[in-house]
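The values are calculated or read from the model by the stated rules, or taken from the named source; none is laboratory data. None of these values were measured; they are calculated from a predicted model. So basically every Cβ, Gly included, is an ideal-geometry build from the backbone, and we count neighbours across all protein chains shown.
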């Protein structure tokens, strides 16, 4: 017979898993939209479609023991980050293969210079920004990959829209300078 504490812990884990799975099912269509934004025209070069990317993100998120998020927009922000990591893993896998991998460029939005840039270079720049200013890097993820508005981000972070706008200007300036050096 199982001790009461272990049964309660097991039931709690099952409840968390059931809630996570229900959330993933409820937001699957939004996942596909986020996947489309994350791919941003790179599907052909990567040989991956938004639906495939959304499936892989759901699988990875399903494997997490605990999802800690502050509502729908925060959850979508987390999913965009997972999808970006899946794409970077795919690019690295392709480049590690013996065959010549096609370049995987993404089109930056006008506020980041509207240039075409290698997705792995963008990831490197964001990783660098994360070391210097983690809030700014997360903001770029939320805006560029998840497509969240400044107002939604302010709500997630529980700060004023003005603060988010100031951080967005700083993050943009840093990224433009960093990516311009390439």
Pairs returned, first residue in the stretch 16-43 that is in the same structural domain as residue 83 (by TED's automatic domain parsing) and under 16 Å from residue 146 (Cβ atoms), second residue that is outside any helix (DSSP H, G or I) and modelled with pLDDT under 75, beta-carbon separation under 6 angstrom, 6 or more apart or interchain, are 40/106
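Taking the stretch 113-126, which residues are over 25 Å from residue 32 (Cα atoms) and surrounded by 17 or more Cβ atoms within 10 Å (Cβ to Cβ)? Even if it seems obvious, please write down each step before you answer.
Of all residues in the stretch 113-126, those over 25 Å from residue 32 (Cα atoms) come to 113, 125.
Listed by number, the list holds a single entry, 125.
What residue, among those in the stretch 127-152 that are without any contact (Cβ under 8 Å) to a residue 24 or more places away in the chain and touching a helix residue (DSSP H, G or I) at 6+ places or on another chain (Cβ under 6 Å), is surrounded by the most Cβ atoms within 10 Å (Cβ to Cβ)? Explain how you work it out, then say what you get.
First, pick out the residues of the stretch 127-152 that are without any contact (Cβ under 8 Å) to a residue 24 or more places away in the chain: 127, 130-131, 134, 149-151.
Restricting the remaining residues to those that are touching a helix residue (DSSP H, G or I) at 6+ places or on another chain (Cβ under 6 Å) gives 130, 150-151.
Values: 130: 15, 150: 17, 151: 11.
My answer is 150.
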Among the residues of the stretch 155-179 satisfying the criterion of being under 21 Å from the mean Cα position of the chain (by Cα) and outside any helix (DSSP H, G or I), which is farthest from residue 76 (Cα to Cα)? 159
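State whether the residues of the stretch 103-116 include one that is assigned to a loop (DSSP other than H, G, I, E, B), at positive phi, touching a helix residue (DSSP H, G or I) at 6+ places or on another chain (Cβ under 8 Å) and modelled with pLDDT under 65.
Our first condition is that a residue be assigned to a loop (DSSP other than H, G, I, E, B); within the stretch 103-116, this holds for 103-104, 108-109, 113-115.
From what's left, at positive phi: 113-114.
Adding the requirement that they be touching a helix residue (DSSP H, G or I) at 6+ places or on another chain (Cβ under 8 Å) leaves 113.
Now narrow it down to the ones that are modelled with pLDDT under 65: 113.
Within the stretch 103-116, one or more residues are assigned to a loop (DSSP other than H, G, I, E, B), at positive phi, touching a helix residue (DSSP H, G or I) at 6+ places or on another chain (Cβ under 8 Å) and modelled with pLDDT under 65.
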